[in-house]
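The values are calculated or read from the model by the stated rules, or taken from the named source; none is laboratory data. The shown structure was predicted, so the numbers you read here are calculated from the model rather than taken from an experiment. So basically every Cβ, Gly included, is an ideal-geometry build from the backbone, and we count neighbours across all protein chains shown.
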Amino acid sequence: MRSLSRTRAAAVSACAVAVLAAGASACSNNSPGNSAGSSSGGGTLTIQGDAGNPTLVENFNPLSSAELGGTRLIYAPLETVSSVNGGYTPFLATGYKFTSPTTLVYTIRQGVQWSDGTPLTPADVVFTFDLLKKHTALDANGIWSQVTAVSAAGSNVTFTFKAPDVPFAATIAQTPIVPKHIWSTVANPVTFTNTHPVGDGPFMLGSFAPTQYTLTKNTKYWGASKIAPSSVVFPAQSTSQSTNQLDVSSGQFDWAYQFLPDIQRTYVNRDPATNHYWFPPGGTIGLYLNLTQAPYNNVNFRQGISLALNRATIAKKAVNGYMPAASTSGIILPNEQQWLSPSLPDQGMVSQNIPAAMAAFAKAGYKLSGGKLVGPNGTQATMTIVQPNNFTDWVAAATEISTELGKVGIKVSLDEPQYAQYSQTTQSGTFNAAMGGFGGTGIPYNDYNLALNSTYAAPVHTPTANNFERYSNPAVNQALATLAATTSPSAEKQATDRLETMMYQNLPIVLLYYGGSWGIFSTKHFTGWPSASDPYTLPTPYNYALLTVVTHLVKA
Amino acid sequence: MGYILRKVVLFIITLWAAITLVFILPRLMPGSPVDAALGKLASAGVPITNAERAAIEAQLGAPHTSLLAQYGDYWNSIATLRFGTSYSFPSQTVAHTIGVALPWTVFLVGTTTVLAFIIGTLLGVYAGWHRAKLADSSVTIGATFFGAFPPFWLGLLLLYWLSFKYGWFPIKGGYDPGTTPNWSLSFVGDALYHSVLPGLTLAITTLSGWVFGMRNNMINTLGEDYVTFAEANGLRSRTVAMLYAARNALLPNVTAFGLALGALIGGTVLVEGVYSYPGVGNLLYLAVTNHDFPLMQALFLVITLSMLVAIFIVDLLYVRLDPRVRSST
Amino acid sequence: MSIIATPVPPPEAPGAAARVPSGHASAVPGPLRFIGRALRTLWSNGKARAGLIILGIIILVAIFAPVLAPHSPAATTFTPYLGSSGTNWLGTTGNGQDVFSQLIYGARVSLIVGLCAGALATLVAATFGLISGYRPGLVDEVLSFVTNLALVVPGLPLMIVLTAYIQGHSVWTIVLVVAFTSWATGARVIRSQVKTLRAREFVTSAVFSGERLFRVAFREILPNMTSLVAASFFAAATAAVLAEASLEFLGLGDPATVSWGTILYAAQQQNALLTGQWLMVLAPGLAIVLLMVSFTLINFGIDALSNPRLREK
């Protein structure tokens, strides 16, 4: 039931969304909705909405973390960034460039109006970022940990960085912009619920009820003619996963994000002409080993574990066969194929090889004796794997891992607390091993930086959400620094190749399988959904992919 | 009178202890509200980064203060009947959040309990009167069987067959999506329609307690001398059953009523979960999983208070029902 | 224990208080003779006989699970998400385990939790109830106070909090948590019965004849309450079976443990109803129902044993 079942099953919790920048200096010229044809359309788009707990709380504050998902159709950011490949789609901005590795200039679109008719100016953009500076509680993406100043000149807004951080353009791009003439009088923007939102996006609030809200088309939106739906309805989800699955299966949504078992039978076959799904990988799930503890800090021991695991079986058990085993390079295939280092054997895939695993364990000083893998001090290797009890795919994967490692003589036990305890144990560094998500931002720098940069490796007992396995490698830091500072595609590729190789060889995280992104669509009313043949963004309605997709739709 | 006074004093001390216990309990749970909030975001697909953690810490603030200060705040929030601000619903006072959910649970639990009480008691009278006959056996065995159904399990089965498969009832919620609660005839009808399955689930699984209680009381009362005497004096058996036996046997069942009502509110957690019903049971589970201290405290308090008051009333009633208790205390 | 009212006669029914000790109360029979007589009397009651038979079958299934189960309950060797077939009578889980074998092994956990938690809760309840009922005044006030407190804190949420607090979720965690949260009702019932008995002539006369208080409590009062204690035990065991299933259904159990509750949890997680594996939901639920029914039926017999008016003709 409820949040006990993970609403976003296997969504790769770490599937970062806000951040990324592929060809950092290149800006896509794709105008949103340019494939939307000429039809100004009509009709209602129904999207599986937020989880009601048990009812929805009216909150359209785009800067809070408690806002309703539809807020992202009311407040458009400068640009949206695809989590598949880091591609940009411009909205409020027409483009950006780095005048130096620490100076980013965004050009704001001319002639844009707020939904109340007031013109939108660069001053609104500067106001929004200043608001984040004033209220740390709103700065969930840590803008002001990187930026030192934001200023406007003409139609340009200039961001000055503390240190070179080219990929950070994506984080800035996806910050919602709010109108100064309204928000300057808001007493406390952190708790403000903004029940009469005035935004710059393609939709406005139509009506709100405790279990459903409706957005209607904003005729003042600069690209309004290309927006197909005349209204968007968001019925609240239940907190019970199985109820949501029944809901989705019954076919009442145009777009839902839901793990469904045996989807061909439980969804597609119910109306094969219009019922479709696209389950691309959205991140990588791996086994995090605590690198402050022996023997996990021994790379040979980690190699042994990696070789002892049958990733295909783990993937099959964990995600119902929807997702394949992952490349241990940290690159998500096929999404990020263009980044994959050609020097990696077999695309960085590792297959089970027990003799090789035993050889690696032997190098670490561990030998099989009477069915037990015994270390130099004569005791059996043990491991407790922790994962949140409601992340069922992680639980299933850990169960299979414990079986497989048991066969090479490691005594594995599982610990399945509620998320809060999982979070505390992992972030404070007091765990042995933990299931966790890696990557998924669509931008390799952000994936590797958050997971491997030693500046995040806090001492044990000091919580850190990034690099909680506490990896420290100067060569990795060096490659990350290069990647952060360069705007040259070839230098970028080289540095990424180095990171992939280090990931593959040193196994700071034993990557296992891809976490799915469970996009379920109906083409009854609208077409233009992201798909394997047109993977313009992930099918995730809970971040700015919502805006990208909805502005991409065409009336069926 | 001394008995009553002592009960009142005891009630007040119990109240204090319960309120304090309710404060301590949530803080026993491992992991902080910040960790729980990260979990909520992680489940919603938000990347978990240090920046996110810092923002949440800035938002929640409170738990960094000392336990004693939190205890003071807690009493203050009780005294003002606002119960502070919940982490899950930062824009509302907890009192408001609970105020929205409580009527649904009171309605659901109230009606089903009254219904189960009436049907169960009637069945109990029937079985008791026809004791040791086929009617008695079928009623008691039937009630035993249905009473053993785990409510969440029955809920799942009913939900799947009646709602999903045949579409006779809605899959989730307390009312049609898109409507706002009001007192119009159509809304009330809709709400009733949505409450049929959760109500049925609760009623079926709680019926047996009333049946057994009433049946046994009936049999005991029928064995009393005055009933035998009345029957021997030529009163018709139906009159005896209704006027003498049932009326006297009913009293203990009534005292159990108060206790059951309080317990049921705590027990609707799973049923409300299965049917996504917008009541406090659902809210309570949410509060527990989110480590939402203010919300959890207030909900525990509401439930605990209702139980406490029920027991207090039962205690007082008991004195009237059984004089032996009064004299021996 | 406040999960949902359990099929037990409501507490404090004066009818129960009116149960008369069968005259020669001070003549305590030998324990074996007593148990033998109790079983005979139970067996003579049709409902109790049915309960004993069902419980006996479940116990046999639990003991001989390795013989009866066609496969290992943990082996993940089958194709996941299978419906009912000749090999897998009840289908397979998402991990490729045989549900039927799990159902058979699951009897062990449900029985252990039911009986152990029931016994533990009854032990606490009897101790509290006996002392509290027999020692009016401060002792009673304090114990009643603790009992009332335990009674008013909502049960299932309390269990959820406690389960989260205790690290490492084994079956014994659940036993402890369930016992800890479900003794209060029994204590209250026993206390009020003791209070009533205390006022009876045979106890009063024992006290007047100079017997020590606790001797009176344990020699004179307890034997007259065997049926009530037994009833409390089966009521607590019934509640424990349900509580265990509920906690595991919520995903708070040890997922490596095979029990009826974890099968239901797995079924819920893989939405077995949606994929047509309804047997995976129906079977473990019915098993839980049968175990609870057997306890309740036995309780009917105990009622009859102690209360001649309830005895079947």
Q. For region A:206-233, what are the residues that are within 14 Å of chain B (Cβ to nearest Cβ) and crowded, with 24+ Cβ neighbours inside 10 Å?
A. A:Thr211, A:Tyr213, A:Leu215, A:Val232
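Being under 26 Å from A:Val166 (Cβ atoms) and either surrounded by 19 or more Cβ atoms within 10 Å (Cβ to Cβ) or within 14 Å of chain B (Cβ to nearest Cβ) (or both): is that true of A:Leu138 here?
Yes, satisfied.
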(Q) Among the numbered criteria (1) away from chain B (no Cβ under 14 Å); (2) within 28 Å of B:Ile56 (Cβ to Cβ); (3) not charged (D, E, K, R), which one does A:Ser533 miss? (A) (2)
Q) If you scan region A:399-416, which residues turn out to be part of a loop (DSSP other than H, G, I, E, B) and at the interface with another protein chain (Cβ under 7 Å from one of its Cβ atoms)? A) A:Glu416
Q) Are there any pairs, at least 6 apart or on different chains, whose C-beta atoms fall under 8 Å, with the first in region C:290-302 and at the interface with another protein chain (Cβ under 9 Å from one of its Cβ atoms) and the second part of a helix (DSSP H, G or I) and charged (D, E, K, R), and if so, which? A) C:Leu297/C:Lys47; C:Phe300/C:Lys47
Q. Out of the residues in region A:449-483 that are part of a loop (DSSP other than H, G, I, E, B) and of a type in the set (A, V, I, L, M, F, W, C), which is nearest to the other protein chains (Cβ to nearest Cβ)?
A. A:Ala465
Q. Out of all the residues in region B:158-172, which are within 7 Å of another protein chain (Cβ to nearest Cβ) and of a type outside the set (Val, Ile, Thr)?
A. B:Tyr160, B:Phe164, B:Lys172
Q.
Suppose the filter is without any contact (Cβ under 8 Å) to a residue 40 or more places away in the chain and crowded, with 19+ Cβ neighbours inside 10 Å; does A:Leu373 pass it?
A. yes
Q.
Among the residues of region A:348-366, are any basic (Lys, Arg), under 17 Å from A:Asn298 (Cβ atoms) and either within 14 Å of chain B (Cβ to nearest Cβ) or touching a residue at least 24 places away in the same chain (Cβ under 8 Å) (or both)?
A. yes
Q) Hey, does region B:166-177 have a residue that's in a helix (DSSP H, G or I), surrounded by 17 or more Cβ atoms within 10 Å (Cβ to Cβ) and of a type in the set (A, V, I, L, M, F, W, C)? A) no
Q: Go over the candidates A:Thr239, A:Thr175 one by one and state the one that is within 25 Å of B:Ile48 (Cα to Cα), part of a loop (DSSP other than H, G, I, E, B) and either of a type in the set (A, V, I, L, M) or within 11 Å of chain B (Cβ to nearest Cβ) (or both).
A: A:Thr239
**Q.** Flag if A:Thr193 is within 14 Å of chain B (Cβ to nearest Cβ) and of a type outside the set (A, V, I, L, M, F, W, C)
**A.** yes
Q: Taking only region B:213-226 into account, find how many residues are in a helix (DSSP H, G or I) and surrounded by fewer than 21 Cβ atoms within 10 Å (Cβ to Cβ).
A: 2
(Q) From the list C:Ala150, C:Ala125, exactly one residue is within 14 Å of chain B (Cβ to nearest Cβ) and not in a loop (DSSP other than H, G, I, E, B). Which is it? (A) C:Ala150
(Q) For the condition modelled with pLDDT of 90 or more and in contact with a Phe, Trp or Tyr (Cβ under 9 Å, 6 or more places away or on another chain), what is the one hit in A:Gly519, A:Gly528? (A) A:Gly519
Q. Filter region C:83-107 for residues that are outside any loop (DSSP other than H, G, I, E, B) and over 18 Å from C:Val289 (Cβ atoms); which is modelled with the highest pLDDT?
A. C:Tyr105
Q: Could you tell me which numbered condition A:Ser151 fails, if it satisfies all but one of (1) of a type outside the set (D, E, K, R); (2) in contact (Cβ under 8 Å) with a residue 40 or more places away in the chain; (3) part of a strand (DSSP E or B)?
A: (2)
